[in-house]
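Chemist: Sharing a structure with you now.
Any read-out appearing in this document is the output of simple, stated calculations on the displayed coordinates, not a laboratory observation. Keep in mind the model is a prediction, meaning the values are calculated, not measured. Cβ atoms come from the backbone with ideal geometry, glycine included; neighbour counts cover every protein chain shown.
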Amino acid sequence: MVWVRAFKYIALLLILTSFIFIMFEKSEYSVDFSKLGTVNNYVTEIYLKNRVYDTIFEVLVFSLASLGVLLFNFSSELKRIFLHDEHIRILLRFLSYFVMLSSFYLAFYGHISPGGGFSAGVAGGTSLLLYALSTTISEFEHLFHGFKVELFEKLFLFFIYMIAFLSFLGKFAFFGIDNIIILNLLIYLKVMFGTWIILYSFIKHRGII
C-alpha cells in the first residue's frame, strides 16, 4: 500500500537524520588559531606541521609510482635499468625494514604526534613495495598467503566501522584503551594490507610491480 511505503520512507529518513545529528554533534574543544604559527594560511600550517609525515610518505609514494610508470612504459628503451644487482637488493631490504619500523611508530603514536593511521599505512605499504623489489615473486606470494592478507583486510575494515559506530553512540573504550588509538592501528593495518593486495595483484597478473 502507498501509506505503508510512505511510512517506511519517513521512518528511514528520521533514523538517518538522528544518526547524522549523533555523528556531527558539537565538539567540546576549540582551537586557538593565533598560536598555530606565523603562516597566514592555517590549512598549510596544519598540513605541513601536524601532518608532516603524511606529506613525506605521500611524496615518496608518488615518486615511486612515477618511477614505476617510467620503467614500465619505456622498458625497451631503458634496458640497462634493472634491480638484479645484489647490493641494490640488500639496500632495498634494509630500507624496507626501516620504513616498516617507522610505520609502527606512526601508527602507535599517531594520536600524540604528527602521523596517524593513514600515513602509517602508506609507510607500511611503501615498505612492502621495497621488500617486493628485493625478493622473488615466489617468496612474496608465500608471505601474502601466509598472512592471509585478503581475509584480514576485510576484517580490519569491519572492525573500523564497528568501533566508529560504537563511538558515535557514546564513549567507547576497549580494555581501557582510547578508541582513537585503536582506530589508528586498525586504519594502519587496513591501508597497509590493502596496498599489499594491490602489489600482489600487479605481480601475479602482470609480472611487474
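Chemist: In nm, to one decimal, how far is the PHE165 label point from the ILE180 one, both placed 7 Å along Cα→Cβ?
Modeler: Reported label-point gap for PHE165 and ILE180 is 2.4 nm.
Chemist: While we're here: Pop the C-beta distance of ARG89 and ILE112 into the FRET formula with R0 = 45 Å and round what comes out to the nearest 0.05.
Modeler: With a Förster radius of 45 Å, E is 0.80.
Chemist: Please give the length that would be gained between GLU45 and GLU141 if that part of the chain were fully extended, namely 0.36 nm times their separation in residues minus their C-alpha to C-alpha distance (nm, one decimal).
Modeler: The GLU45-GLU141 span can extend by a further 30.4 nm.
Chemist: Right, another one. What ranking do 110-117, 191-198 get when scored by the average of other Cβ atoms within 10 Å per residue, highest first?
Modeler: 191-198, 110-117
Chemist: Along the Cα→Cβ direction, 7 angstrom out, place labels at LYS204 and LEU151. What is the inter-label distance in nm?
Modeler: Result for the modelled spin labels: 1.5 nm.
Chemist: In addition: Could you tally the net charge around MET162, taking each other residue with its Cβ under 14 Å from the Cβ of MET162, Lys/Arg +1 and Asp/Glu -1?
Modeler: +2
Chemist: Separate question: Quick one: putting +1 on the C-beta of Lys and Arg, -1 on the C-beta of Asp and Glu, what dipole do you get for the range 84-206 around its Cα centre, in Debye to the nearest 20?
Modeler: The dipole of the range 84-206 has a size of about 220 debye.
Chemist: Looking at the range 86-188, which chymotrypsin sites (Phe, Trp or Tyr not before Pro) are DSSP coil and have at most 16 other C-beta atoms within 10 Å of their C-beta?
Modeler: Sparse-neighbourhood loop chymotrypsin sites (Phe, Trp or Tyr not before Pro): TYR109, PHE147, PHE172, PHE175.
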